[in-house]
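The values are calculated or read from the model by the stated rules, or taken from the named source; none is laboratory data. Please read all numbers here as calculations on a predicted model, not as lab measurements. No Cβ is skipped: glycine too gets one built from the backbone with ideal geometry, and neighbour counts run over all protein chains shown.
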Amino acid sequence: MLVTLRQNQYVLKMETFYLVVVAFLLFLAVFDMFVGVSNDAVNFLSSAVGSKAATFRTVLVIAAVGILVGTATSSGMMDIARHGVLRPQNYMFSEVMCIFLAVVCADILILDIFNSLGLPTSTTVSMVFELFGGASAMAVIKLAHDTTGLFSYADYINTEKVLSVIMAIFVSVAIAFVVGLVVMWISRVVFTFHYEKHMKWTIGIFGGVSITSIAYFLITKGFGQASFMTADVKEWLAQNSAHVLLVSFIFFTALTQVLSWLKVNVFKLIVLFGTFSLAMAFAGNDLVNFIGVSLAGLSSMEDMMANGQHNYDTFAMTSLAESARVPIYYLIGAGVIMIISLFVSKKAKKVISTSVNLAKQNEGDEIFSSSRIARRLVRMVGNSAATVLHYVPSGVKQWINGRFTPRTDGATVDLAFDLVRASVNLVLSGLLIVIGTTLKLPLSTTYVAFMVAMGSSLADRAWGRESAVYRITGVISVIGGWFITAGAAFITCFVITMLMHYGGPVAMGAIVVLVIIILVRNNMKYKDKEETDAGDKLFQKIIASKSDEEVLDLLNRHIAMTHSAILDYTHNCFYQITDGLMAENIRELRKATGSINDEKSNWQKARQKELVGMRKLSYDDAVQKNTWFHLAANSITEIFYCLKRMSDPCLEHVDNYFNPLPQTCKQQYLPVRDEVVEMFAKASEIVRTGEYSQIDALLAEGNSLKSRISDMRHTEQDQFNQEGTNIRLHFLYLNTLQETQELVSALRHLLRATKRFHLGE
């Protein structure tokens, strides 16, 4: 009786535990849908928004309809989470639940780490490689305890499917880029930037090809699970696909041609239809990333309660090998959640900027800096293109160049790109993703859409010599982040699965608590980030402004804000370094040394934005301001170098516990240090308030201080040969004096340049 009671208690505890696990999986599924839609909205919104084919509200409504249809027809993709990576028939219930829980926990941790580092991520790549890592960890555990030798790694991992999925993700990037490049080049040659003049007969063919391709795949593939797609209908379409395509092409060609004659902008129709199809493809393809693992866990729990007889450790999950039968209300519910997220998310508008900026026709906020590989690629491609063009007849070159001549009538001045490119981006992205969904290959929607846009922008000559290195660096950063995501997802989930398996419910609970803490922290960090971002609306005003006078005023304010922040930082960092040396405070020295590179990186980003603003100035203003802008930038660079050259020796000295500076040196240096700190505080206040008339007095004060520090250096050098001199301390103190003097000198140069920039020569 007692044994039976204990068994019942154990069963009740385990059942409650796994019900909590399933509930947590479902909770994270809802969370993932909100986050995923917010981050991935750029994939299906950027083209329509960038070309202003319709109002933002209209575009959202069309995308919402596409999402709802896509989720309702996406059940086939759920098989990826169930048996696309692992072979569930060889895993027990407790093992697959451990894997699924590890996957969702790893996903949260990966998103947190990569968001903190500012690296790009992909929900598709994360999900696939997390499943791969978790299943591999459990396979290793099972193989280690297998004494029969009957099983191998391939018995636990669907290696063929995993390889095909990985290859599909990798290859899709190259295919998307090349296809986008080729199709866009042909489209631009046909239509030119003055596409209204070349639509008389060509628009029908373009519209026919575009709408036919999308419509065919949506009907035969996208709606593959719909009720009207019976076996007979599918068989008939398969047997008559050529005829269907031909008839559809003729019909849509005639339709779009007639609409064009009736003064309907066919390109807008294609863009809006493409937005619908891409949103549908996104929902059908990416829904598995958000809820696939959670629904697989729910299905496992239902199978256990119905057939497992509470044998958690011995009940094989053969049911997961079957195709998913997801109730339609689950899918529609998921679609509704995604739509709500699309409309209420504050990120929905913000996330569009990266893709649009890298693909825009004109120059703007180049958010990525130049890289060595980008510079080499640009030079290599440029030289190769020049060699090829040498053999092209001049008449052909002139004709092609004429087709790519941007319009100057102001019709597209507010657009990132025109409707022709937007149409190509949407049609191709939707088509490629729907094909992937049809083959049950979870392509990365983010990267397909992104690479199509990059290929089309390159073909459209949006990457000029002034912007190519920055935009190629952006593309490389995205792809590099993708590779890192894959490796990090695999390793993280592998480790978490190991910890959960050997740690049991205690480890599972601890990791779940950690994930919840991370979710709360991320939410708080995002609110703080929102507040920080709200303070930099100045640059957005510079980009949007069409007035030379307003641009100059806004740029002056932005530069003043940047310089003031740098002076405040230098004031604090210099004090930290010198105080850390005098007081032998290793913590302060490490903090100061570690912050220099980060602050320099932040300043370089601000400078990049200001360079964009400089290019928006009128010619006369740009010529007048250019010298002083760059002189100020060089002075700030020197300030960072001074801080670095001062902090590194001080940190090394104190960290090694060498002899402290003599008291006489401290008494001699500290008054000078305090004056330098005060100078930087005064300089920051002058720049912040715009009281540039006070700069001359501060410059004179700085010149006097430089002379005093120089005298101190000479005195210290004269004592070098005295008996008993500690050479290490002598060089350390001499270096501190030298860099202090250089710091004051750099400050004087910065103040002069700032004054000249704002007040003129």
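Details
- Output for the stretch 646-666, where each listed residue is at pLDDT 90 or above and exposed (fewer than 15 other Cβ atoms within 10 Å of the Cβ): 652
- The single condition from (1) among the acidic types (Asp, Glu); (2) modelled with pLDDT under 90; (3) under 30 Å from residue 675 (Cα atoms) that residue 579 fails is (2).
Every residue, every condition in (1) surrounded by fewer than 19 Cβ atoms within 10 Å (Cβ to Cβ); (2) modelled with pLDDT of 90 or more; (3) within 29 Å of residue 684 (Cα to Cα), yes or no:
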| position | (1), (2), (3) |
| --- | --- |
| 723 | yes, no, no |
| 726 | yes, no, no |
| 740 | no, yes, yes |
| 750 | no, yes, yes |
| 755 | no, no, yes |
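- Within the stretch 312-333, tally of residues that are in contact (Cβ under 8 Å) with a residue 24 or more places away in the chain and over 21 Å from residue 84 (Cβ atoms): 6
- The set of residues in the stretch 546-583 being among the small types (Gly, Ala, Ser), surrounded by fewer than 17 Cβ atoms within 10 Å (Cβ to Cβ) and assigned to a helix (DSSP H, G or I) consists of 583 alone.
- Residue in the stretch 616-626 that is within 30 Å of the chain's Cα centre (by Cα), at pLDDT 85 or above and in a helix (DSSP H, G or I) present: no
- Residues that are among the hydroxyl-bearing types (Ser, Thr, Tyr), over 30 Å from residue 404 (Cβ atoms) and either surrounded by 17 or more Cβ atoms within 10 Å (Cβ to Cβ) or at pLDDT 80 or above (or both) within the stretch 182-239 comprise 216, 220, listed in sequence order.
- Condition met for residue 557 (out of contact with any Gly (no Cβ under 7 Å at 6 or more places or on another chain), farther than 20 Å from residue 748 by Cα, in the same structural domain as residue 731 (by TED's automatic domain parsing) and of a type in the set (Lys, Arg)): yes
- Among the conditions (1) touching an Asp or Glu at 6+ places or on another chain (Cβ under 9 Å); (2) part of a helix (DSSP H, G or I), residue 658 misses just one, which is (2).
- Taken together, 138, 127 contain a single residue that is part of a helix (DSSP H, G or I), assigned by TED's automatic domain parsing to the domain that holds residue 435 and either more than 30 Å from residue 282 (Cβ to Cβ) or more than 28 Å from the chain's Cα centre (by Cα) (or both), which is 138.
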